[in-house]
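In what follows, a structure is listed as structure tokens, so that the remarks can point back to it.
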Amino acid sequence: MEAGSQRDLLPIVDNAPPTPAARSRSRGVVLHVARLGIVVAIVWLIREQHREFVLEQASQEAVPIEIERLRKYYADIAEVGSTGVFDEAGTQLGYFVQTSPTSDHIVGFSGPTNTLIAFDSDSRVIGIDILDSRDTPEHVADVRRNDVFMTALAGKAWNEFGSTTTVDAVSGATLTSLAILEGISFRVGGTKPSLKFPDEIEVGEVTTFFPDAASLQLRRSSATLLDVYDKNDLVIGAVTRTAPTTDTIMGYQGPTDSLLAFDREGDVIGLQLRKSYDNEPYVGYVRDETYFLERFNGLTLQELAKIDIDELQVEGVSGATMTSMAIADGLPKAALAALKPPPPTDRRFVFAARDVGTLLVLVTAMAMSFSRLRSYRSVRITFQLTLVGYFGFVNGDMLSQALLVGWAQSGVPWRLAPGLLLVVAASLIVPAVSKKQLYCHHVCPFGAAQQLLRNRLPWRLSISRRFRALLGVIPATLLVVVLLTAMLHWPLNLAGIEAFDAFFFLQVVGLTSLAIALVGLIASAFVPMAYCRFGCPTGALLNQLRYNAQSARFTRRDSVAIALLAIAFAIWLGGQLDTETVLRVLSTVSR
């Protein structure tokens, strides 16, 4: 054939319509990307809704600690301040701090933990107490029962908390206990509380300067400076207080704790008196003197730290000279303290034997999934026994809805659980880009247990098509429950709706998980992979992410995914609209 005739054929080849197979592949890719997008959108909505929940909680007044809860640390306790503890004579016995909200970004297995740390009057630890936790209840309970862990910090001074690596984690609740230790270390890494002024700054105090204030958070680069956030989680300013830096600066009769407010650019916008041991009416005179309270406005934190009160010719308040000048003398010292970074705290990166084991299991699972290795019966059964015996009962780096929801809400504890992070990443990515269901087929210990039971009985239970369709609704229903729990913060233990905690029955009491596991194994002896097919919401989620030959078809699972997205969006939108806006929209629609 001549060259010219070949060129004549090229336009015909290029303009040829795509084959049905090509159109199907393209449709499959588009639908699969949409499926992944729906899952990502749901995760984003869960995180945003949780952020709003945390901000709302932070804006509320702290729940006072009951006296009886503190009596085990302070036998003579008679009165509790916001952090101080006093006997009947008014003598301070010590003080306590909570890790929340300062350490709420530190996540254990599925969420942060708020821990109380009780100190004596010499700033030495008497004990710790878990106040509340968004981590898995069974793991938290296991930590509470471990007397060695709960008393390991006793006797430590405030300035000795730079490292907690000498304290061993709790077996069976490793991530939870490590996160508690890191949360304590991070919280105590800040400035030591004032015994004279134990009350920390609360959101309500700063609304004079920031009407839209919703929460306060310690700035990572400062030991005392608190960033002020609005309801949209945007920084709108900062505040600090003079105590405990100025606790020894006396006015007429005693020290005063003051609050300094800064705008977003870092300039002083106001001074406000808090508690004072000085005399009335002198303190009142200072509170009423606008000129004095605004005398330092416009100075940056760096400038305030360097000023000389005499050179600046600061005048005292008439009738309260000693009180006002003591307050002024303390401002540069407080500014200097705010400029100092917090002392280094223990930020663990844990890559232990457990993580090495997880990595070996994951590598073997990849080999089983992408090679013919799984076709050798002896190799397959040996690996399944390893999954059940080691990965299930010993290691425990398993996926679950409790884990995924906790990470979606609070973030990923990659430093404390690198092995588990690899498992989650591989389990989500591999099915999304291939036809391999890595986790369910080759990693999950409970799936391996069911595979070992497969065909062990001489007969099988026959299930009608209608009943099989009815059972297939269970995973979707559980996913709805999971979503509602994540978005509405229901007090439901998500670990209890799956079978995986049953592997820890010796360390963690999870009766519901144990019952589900037993029923699932018995059912799997009669119906192959019964739990995986009819009871596992995590498996249903991973199947939705899997790219396979059916990806070009819109299935019932896609309808469920869209419904879940609609539910999540409706809950999130409801949280964004106030009652007045909702009524206005409804009124407009009705007209």
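Evaluated against (1) among the hydroxyl-bearing types (Ser, Thr, Tyr); (2) surrounded by 18 or more Cβ atoms within 10 Å (Cβ to Cβ); (3) touching a strand residue (DSSP E or B) at 6+ places or on another chain (Cβ under 8 Å), residue 277 falls short on exactly one condition, (2). What do you reckon, is residue 408 surrounded by 22 or more Cβ atoms within 10 Å (Cβ to Cβ), outside the structural domain of residue 180 (by TED's automatic domain parsing), small (Gly, Ala, Ser) and within 30 Å of residue 483 (Cβ to Cβ)? When the stated conditions are applied, residue 408 does not pass them. Checked against (1) assigned by TED's automatic domain parsing to the domain that holds residue 248; (2) at pLDDT 90 or above; (3) part of a helix (DSSP H, G or I), residue 361 passes all but a single condition, namely (1).
For (1) crowded, with 20+ Cβ neighbours inside 10 Å; (2) of a type in the set (A, V, I, L, M, F, W, C), each residue gets a yes or a no:
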position	(1), (2)
173	yes, yes
177	yes, no
186	yes, yes
196	no, no
202	no, no
216	yes, yes
219	no, no
223	no, yes
228	yes, yes
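Criterion applied to 463, 497 was being surrounded by 14 or more Cβ atoms within 10 Å (Cβ to Cβ), over 23 Å from residue 137 (Cβ atoms) and either out of contact with any helix residue (DSSP H, G or I) (no Cβ under 8 Å at 6 or more places or on another chain) or in contact (Cβ under 8 Å) with a residue 60 or more places away in the chain (or both), and the one residue passing it is 463.
If you go through segment 429-439 and keep only what is touching a residue at least 40 places away in the same chain (Cβ under 8 Å), surrounded by fewer than 22 Cβ atoms within 10 Å (Cβ to Cβ) and in a helix (DSSP H, G or I), you end up with 432, 433. When you scan segment 159-252 for strands (runs of 3 or more DSSP E) that lie fully inside it, which ones turn up with 3 or more residues that are without any contact (Cβ under 8 Å) to a residue 60 or more places away in the chain and not assigned by TED's automatic domain parsing to the domain that holds residue 505? The qualifying strands (runs of 3 or more DSSP E) are 226-229, 235-241.
Candidates 46, 77, 38: the one that is in the same structural domain as residue 100 (by TED's automatic domain parsing), modelled with pLDDT of 90 or more, in contact with a helix residue (DSSP H, G or I) (Cβ under 6 Å, 6 or more places away or on another chain) and surrounded by 14 or more Cβ atoms within 10 Å (Cβ to Cβ) is 77. Please determine whether any residue of segment 268-281 is modelled with pLDDT of 85 or more, under 30 Å from residue 158 (Cβ atoms) and acidic (Asp, Glu). Looking for residues that are modelled with pLDDT of 85 or more, under 30 Å from residue 158 (Cβ atoms) and acidic (Asp, Glu), one finds at least one in segment 268-281, hence yes.
Restricting attention to segment 320-340, does a residue exist that is outside any helix (DSSP H, G or I) and crowded, with 17+ Cβ neighbours inside 10 Å? Yes: segment 320-340 contains one or more residues that are outside any helix (DSSP H, G or I) and crowded, with 17+ Cβ neighbours inside 10 Å. So which residues in segment 365-377 are in a helix (DSSP H, G or I) and surrounded by fewer than 18 Cβ atoms within 10 Å (Cβ to Cβ), if there are any at all? The answer is 366, 367, 370, 372, 373, 374, 375, 377. Going through (1) in contact with a Gly (Cβ under 6 Å, 6 or more places away or on another chain); (2) within 30 Å of residue 501 (Cβ to Cβ) one by one, residue 167 falls short only on (1).
Only one of the numbered conditions (1) closer than 29 Å to residue 230 by Cβ; (2) assigned to a loop (DSSP other than H, G, I, E, B) is violated by residue 350, and that is (1).
The residues of segment 537-572 that are of a type in the set (A, V, I, L, M), surrounded by 14 or more Cβ atoms within 10 Å (Cβ to Cβ) and touching a Lys or Arg at 6+ places or on another chain (Cβ under 8 Å), listed by number, are 540, 545, 552, 561. The residues of segment 396-410 that are of a type in the set (A, V, I, L, M) and under 15 Å from the mean Cα position of the chain (by Cα), listed by number, are 402, 403, 404, 405, 408. Taken together, 388, 350 contain a single residue that is within 27 Å of the chain's Cα centre (by Cα) and not basic (Lys, Arg), which is 350. A count restricted to segment 466-513 and to residues that are modelled with pLDDT of 85 or more and either in a loop (DSSP other than H, G, I, E, B) or more than 32 Å from the chain's Cα centre (by Cα) (or both) stands at 14.
The residues listed here are 141, 154; of these, the one that is surrounded by fewer than 19 Cβ atoms within 10 Å (Cβ to Cβ) and out of contact with any strand residue (DSSP E or B) (no Cβ under 6 Å at 6 or more places or on another chain) is 141.
When each of 446, 383, 393 is tested for being at pLDDT 95 or above and either farther than 30 Å from residue 561 by Cα or within 26 Å of the chain's Cα centre (by Cα) (or both), the lone residue that passes is 383.
The values are calculated or read from the model by the stated rules, or taken from the named source; none is laboratory data. The model shown is predicted, which means the values in this text are computed figures rather than measured ones. Positions of Cβ are generated from backbone atoms using ideal geometry, with glycine treated the same way; all protein chains shown enter the neighbour counts.
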